[in-house]
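Some notes on the structure that comes next.
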């Protein structure tokens, strides 16, 4: 039984359909990454999964007692709110010092407990958010562009931590990422989203799917660098819109070939 | 004991500390969530509650409570619907005050001391008032205590609250109710125009030397109570209006702690941390 399954999920904001007919499921221990251009509904999808956004249609089935750890895209703490890292970890449930130390250690933020949240660097802050998400011993860890604002070594280190966590804790991971090279290197499955699911599958399959290439790489540079095998199957999607219009960010896929073994 | 409570100064002191001890921790949330104008709008609307209560011969406390609740609910439901928040609150705060003042002038046959409602009349606090104030303050503190963790989580981020299975809208409602209660009990002590000051200034004064939200709320409560007592004393000695004098003392605390913080930052050879 999957941890969570979405069936024909649709979300509208006013007259705009942000998500339409999104269906997928996540099983225990899987790393699933959602890629898609800006405004493609990635964050809305995650917010629906954590229960912050009500779907207009469709449903989300969670396995009974599912524990979700959520790392938001960005968290602004007002400077008027004094908050140590240790205190932050105890929200909303109080935890022991031992639990706090373990979670910080797992997230790679070992020495930060007594620091003020507003004094942390971007990378430290993300690790503290990760530590907080780990406290509930999550079966599913959800990360919304968790490395936004980090430099390359910073985000590489962060994703390494994530992979280690999957190995040590065995939790499933659902993340949104713009960093395609990392996505391709670490994910079991990639979902390419643009209001609806354009294509999904193993990273290599998705990278060579015409829908993906239309979104992330027009022409040959970029997307072609991801080719690992002969394209021996066809996706027969009949999408109602022009993928090429949304093409963004063609620079990163090129780096993918370097990170792959 | 009864003769003790008969002393108007003691009643005033008890009323002042009662309001301060509830307003200061609630004021921390007002500061953290950037709701300063929200407090103003709620407080200013309460003069309309005074007029309505007197017009219908209902208790003033009830009138103020109901109108404050309506106002706070209106503001929180209008927010996030495409209005510019500061404009919206400015419009609501001042127009409700104006409507209230106009409504008061319609009251016939009742002569009310408008100044007492605008600036408070702490020296005229009765034993009934005292019970209402401490009852309201206790209710506010109880609400904050019971929902503290959830309120803090929702203050940090509504998405984090949802992910933890909390409903941030419910926490907003808790704050709204608490705010209306504080306004209703504080109107006698500092008056409509200065209630926000009692919410904001002790919290702001407590910020520089607090490392956690709990310590800030606790320190704010202490500063609020000291301000109430010292302000009462000073106004008695100098023959000044009591409500404004209490606020002046609180402002003095704010100046002191801010200055102390600046000096400390300098001594640590560290640039001042951005606070706003």
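Can you tell me which residue within the range A:113-136, out of those that are part of a loop (DSSP other than H, G, I, E, B) and within 14 Å of chain B (Cβ to nearest Cβ), is farthest from residue A:176 (Cα to Cα)?
Pass one, the range A:113-136, residues part of a loop (DSSP other than H, G, I, E, B): A:113-115, A:120-121, A:135-136.
Narrowing the set further to residues that are within 14 Å of chain B (Cβ to nearest Cβ) leaves A:113-115, A:120, A:135-136.
On the way: A:113: 27, A:114: 30, A:115: 28, A:120: 23, A:135: 21, A:136: 21 Å.
Across the range A:113-136, the extreme among qualifying residues is A:114.
In the range B:8-59, how many are under 17 Å from residue B:132 (Cα atoms) and without any contact (Cβ under 8 Å) to a residue 40 or more places away in the chain?
At the first step, the residues of the range B:8-59 found to be under 17 Å from residue B:132 (Cα atoms) are B:8, B:10-23, B:46, B:49-50, B:53, B:58-59.
Among the residues that remain, those that are also without any contact (Cβ under 8 Å) to a residue 40 or more places away in the chain are: B:10, B:53, B:58-59.
Of the residues in that region, 4 qualify.
Quick check on residue B:134: is it within 14 Å of chain A (Cβ to nearest Cβ) and surrounded by fewer than 21 Cβ atoms within 10 Å (Cβ to Cβ)?
Numbers: within 14 Å of chain A (Cβ to nearest Cβ): no; surrounded by fewer than 21 Cβ atoms within 10 Å (Cβ to Cβ): yes.
Answer is no for this residue.
Scan the range B:220-227 and give yes if some residue there is buried (at least 24 other Cβ atoms within 10 Å of the Cβ), within 13 Å of chain A (Cβ to nearest Cβ) and part of a helix (DSSP H, G or I), otherwise no.
Yes - at least one qualifying residue is present in the range B:220-227.
Could you list all residues from the range B:141-178 that are in contact with a helix residue (DSSP H, G or I) (Cβ under 6 Å, 6 or more places away or on another chain), under 16 Å from residue B:214 (Cα atoms) and more than 14 Å from chain A (Cβ to nearest Cβ)?
B:141, B:143, B:144
Does the range B:225-244 contain any residue that is closer than 30 Å to residue A:89 by Cα and under 16 Å from the mean Cα position of the chain (by Cα)? Explain how you work it out, then say what you get.
In the first step, residues of the range B:225-244 are kept if they are closer than 30 Å to residue A:89 by Cα; the result is none.
Within the range B:225-244, none of the residues are closer than 30 Å to residue A:89 by Cα and under 16 Å from the mean Cα position of the chain (by Cα).
Which ones in the range A:90-124 are surrounded by fewer than 17 Cβ atoms within 10 Å (Cβ to Cβ) and under 23 Å from the mean Cα position of the chain (by Cα)?
A:105, A:121, A:122
Would you check which residues across the range A:31-72 are touching a residue at least 60 places away in the same chain (Cβ under 8 Å), crowded, with 18+ Cβ neighbours inside 10 Å, in a loop (DSSP other than H, G, I, E, B) and touching a helix residue (DSSP H, G or I) at 6+ places or on another chain (Cβ under 9 Å) and list them? Lay out the reasoning, then the answer.
To start, the set of residues in the range A:31-72 that are touching a residue at least 60 places away in the same chain (Cβ under 8 Å) comprises A:31-38, A:40-43, A:45-46, A:49-50, A:63, A:66-72.
Checking the rest, the ones that are also crowded, with 18+ Cβ neighbours inside 10 Å come to A:31-37, A:40-43, A:45-46, A:49-50, A:68-72.
Cutting the leftovers down to in a loop (DSSP other than H, G, I, E, B) gives us A:36-37, A:40-41, A:72.
Residues satisfying the conditions are A:36, A:37, A:40, A:72.
For (1) modelled with pLDDT of 90 or more; (2) outside any helix (DSSP H, G or I), each residue gets a yes or a no:
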{"residue": "B:34", "(1), (2)": "no, yes"}
{"residue": "B:37", "(1), (2)": "no, no"}
{"residue": "B:41", "(1), (2)": "no, no"}
{"residue": "B:45", "(1), (2)": "no, no"}
{"residue": "B:51", "(1), (2)": "no, no"}
{"residue": "B:66", "(1), (2)": "yes, no"}
{"residue": "B:77", "(1), (2)": "no, no"}
{"residue": "B:83", "(1), (2)": "no, yes"}
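Which of the helices (runs of 4 or more DSSP H) found entirely inside the range A:151-221 contain at least 1 residues meeting this: without any contact (Cβ under 8 Å) to a residue 60 or more places away in the chain and closer than 23 Å to residue A:45 by Cβ? I'd like the intermediate steps shown before the answer.
Values: elements: A:152-169, A:180-186, A:203-208, A:210-216.
Per the criteria, A:152-169, A:203-208, A:210-216.
Here's a check for you: in the range B:54-74, which residue that is buried (at least 21 other Cβ atoms within 10 Å of the Cβ) and farther than 22 Å from residue B:141 by Cβ is nearest to the other protein chains (Cβ to nearest Cβ)?
Filtering the range B:54-74 for residues that are buried (at least 21 other Cβ atoms within 10 Å of the Cβ) and farther than 22 Å from residue B:141 by Cβ, the one nearest to the other protein chains (Cβ to nearest Cβ) comes out as B:71.
Yes or no: residue B:199 touching a residue at least 40 places away in the same chain (Cβ under 8 Å) and within 14 Å of another protein chain (Cβ to nearest Cβ)?
So residue B:199 fits the description; yes.
Could you tell me whether any residue of the range A:60-74 is under 24 Å from residue B:31 (Cβ atoms), within 14 Å of chain B (Cβ to nearest Cβ) and at pLDDT below 90? Before the answer, list the steps.
If we filter the range A:60-74 for residues that are under 24 Å from residue B:31 (Cβ atoms), which is where we start, we get A:72, A:74.
Narrowing the set further to residues that are within 14 Å of chain B (Cβ to nearest Cβ) leaves A:72, A:74.
If we keep only those that are at pLDDT below 90 too, we end up with A:72, A:74.
Yes: one or more hits.
Kindly indicate whether residue B:51 is more than 14 Å from every other protein chain (Cβ to nearest Cβ) and closer than 13 Å to residue B:185 by Cα. So that I can check it myself, show each step before the final result.
Values: more than 14 Å from every other protein chain (Cβ to nearest Cβ): yes; closer than 13 Å to residue B:185 by Cα: no.
Criteria not met by residue B:51.
The values are calculated or read from the model by the stated rules, or taken from the named source; none is laboratory data. All of these numbers come straight from a predicted model, not from anything done at the bench. Here the Cβ is made from the backbone with ideal geometry for all residues, glycine too, and neighbour counts use every protein chain on show.
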